[in-house]
1. Applying the selection to the stretch 193-216, what residues are within 11 Å of ligand 1 (Cβ to nearest atom) and either open to solvent by 30 Å² or more (accessible area, probe 1.4 Å) or hydrophobic (A, V, I, L, M, F, W, C) (or both)?
2. Collect the residues in the stretch 1-34 that are small (Gly, Ala, Ser), under 16 Å from Ile121 (Cα atoms) and away from ligand 1 (no atom under 13 Å from the Cβ), keeping them in residue-number order.
3. Test each condition in (1) touching an Asp or Glu at 6+ places or on another chain (Cβ under 7 Å); (2) over 21 Å from Leu240 (Cα atoms); (3) within 16 Å of ligand 2 (Cβ to nearest atom) for Ser124 and report the one that comes out false.
4. Before we move on, is Gly312 modelled with pLDDT of 95 or more and touching a Cys at 6+ places or on another chain (Cβ under 9 Å)?
5. Please enumerate the residues belonging to the stretch 302-334 that are open to solvent by 60 Å² or more (accessible area, probe 1.4 Å) and in contact with an Asp or Glu (Cβ under 9 Å, 6 or more places away or on another chain).
6. Just checking, how many residues over the stretch 113-154 are more than 14 Å from Val87 (Cα to Cα), in a helix (DSSP H, G or I) and under 19 Å from the mean Cα position of the chain (by Cα)?
7. On the given criteria, is Ala77 surrounded by fewer than 21 Cβ atoms within 10 Å (Cβ to Cβ) and more than 11 Å from ligand 1 (Cβ to nearest atom)?
8. Would you check which residues across the stretch 65-95 are within 16 Å of ligand 2 (Cβ to nearest atom), out of contact with any strand residue (DSSP E or B) (no Cβ under 8 Å at 6 or more places or on another chain) and either under 21 Å from Phe55 (Cβ atoms) or not hydroxyl-bearing (Ser, Thr, Tyr) (or both) and list them?
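The values are calculated or read from the model by the stated rules, or taken from the named source; none is laboratory data. Please read all numbers here as calculations on a predicted model, not as lab measurements. So basically every Cβ, Gly included, is an ideal-geometry build from the backbone, and we count neighbours across all protein chains shown. Ligands, DNA and RNA are excluded from the accessible area calculation, which covers all protein heavy atoms including side chains. Shrake-Rupley method; radii C 1.70, N 1.55, O 1.52, S 1.80 Å.
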Amino acid sequence: MHILVTGGAGFIGSHTLIELYKAGHTAVVVDNLCNSNPLALQRVAEIIGVPAIPFHKVDIRDRAGLERVFAGHKFDACIHFAGLKAVGESVEKPWEYYENNIGGTLTLVDVMRRHGCKNIIFSSSATVYGDPDEIPITEQCPKGQCTNPYGWTKSMLEQVLMDTQKADPEWNVVLLRYFNPVGAHPSGRIGENPKGIPNNLMPYITQVAVGKRAELGVFGDDYPTPDGTGVRDYIHVVDLATAHVCALQAIVRRCGIGIYNIGTGHGYSVLDMVKAFVRVNGVEVPYSIKPRRVGDIATCYCNPAKAMAELGWEARHDIDDMVRDSWNWQRQNPEGY
Ligand code: NAD
Ligand code: UFG
């Protein structure tokens, strides 16, 4: 299939491009590079063994720019990663998050339908469950109250896309609710490249290990979890990438609306991750216990059985692979791209 990949220069998008090409698909990337570096696409091309990945530096809010891209291609589907994703920043700048994520997606969907491309795979998030009613979380679990504007953009966009499909059944909409992506391509050539101080656990750990930051703050050790620290469903980004390739099969089968949890089904605590990182990589990660971070929940992991049953997808990488590949990327690229 010929796929439009919005946000393809980013962390998850760049890894997904590799898996798409490996599976015989072709892709065109649209990205405004607001949170990414074109070097990522160059390295993806090297890994795949092609001269270049077709790329348009276009903002998805730019209708005319998108029209120009669609005029040159007949896309079978769009994998839509483009969006702002920093939880804390979204609390400071809610308008910017709603305008970019929701405004951008509305423009994208309109241009897609005008060009007869009515298949979309959307990057949603476990955050739509809020503080979940049940653990492990299944797709039947009701959506909850999001604790920040970023989360609301994901929840609202799920609704926008489902309503679009209901009104026009020619659409196929796959909502992939990612749990906590970590790791990097095993080559160490591409990986997560946060700007400034990392918000997320794994890039913080790798920056401490590489000496960029003095110590990790562990946000709370008094949660009702086995060791008191927060438990999450960490998933290797290469597994997450292959989920998108599998999701294309749902589109081929004309799924209408498909909603899938994309996680491993295993919960690991903050200290589990730190200990695995130290054990596998043989490096020190000094840490100290800090107060809980506002908005965090104790435990979040999924039941990924639906993705296995309907998409034939399952995670293949374990916690050791995750911490090894995260470190491999960071130590080869101490300053990122
Ligand atoms: P990322 O920031 O690395 O990638 C997003 C890409 O979108 C960037 O390259 C950025 O430049 C681009 N972009 C942003 N706004 C744009 C716009 N208006 N027009 C064009 N390009 C634009 O983030 P990621 O971790 O690869 O996440 C990809 C998607 O998955 C996002 O939608 C994110 O919200 C979602 N998601 C991420 C996580 C996570 O923990 N990484 C978890 C759940 C969901
Ligand atoms: N944590 C620390 N110290 C840090 C960073 C994180 O102790 O410096 C802890 C958190 O308290 C939490 C765990 O590590 O217990 C994971 O935190 P992350 O920030 O890495 O991830 P979250 O689960 O908070 O959120 C992430 C994304 C969201 C997404 C969610 C579910 O940031 O966008 O996963 O997919 F919605």
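1. Asn193, Pro194, Lys195, Asn199, Asn200, Leu201, Met202
2. Once the filter is applied, which keeps residues that are small (Gly, Ala, Ser), under 16 Å from Ile121 (Cα atoms) and away from ligand 1 (no atom under 13 Å from the Cβ), the stretch 1-34 yields only Ala27.
3. With (1) touching an Asp or Glu at 6+ places or on another chain (Cβ under 7 Å); (2) over 21 Å from Leu240 (Cα atoms); (3) within 16 Å of ligand 2 (Cβ to nearest atom) applied to Ser124, the lone miss is (2).
4. When the stated conditions are applied, Gly312 passes them.
5. Met308, Glu314, Arg316
6. Adding up the residues that qualify gives 1.
7. So Ala77 fails the test.
8. Leu84, Lys85, Ala86, Val87, Gly88, Glu89, Val91, Glu92, Lys93, Pro94
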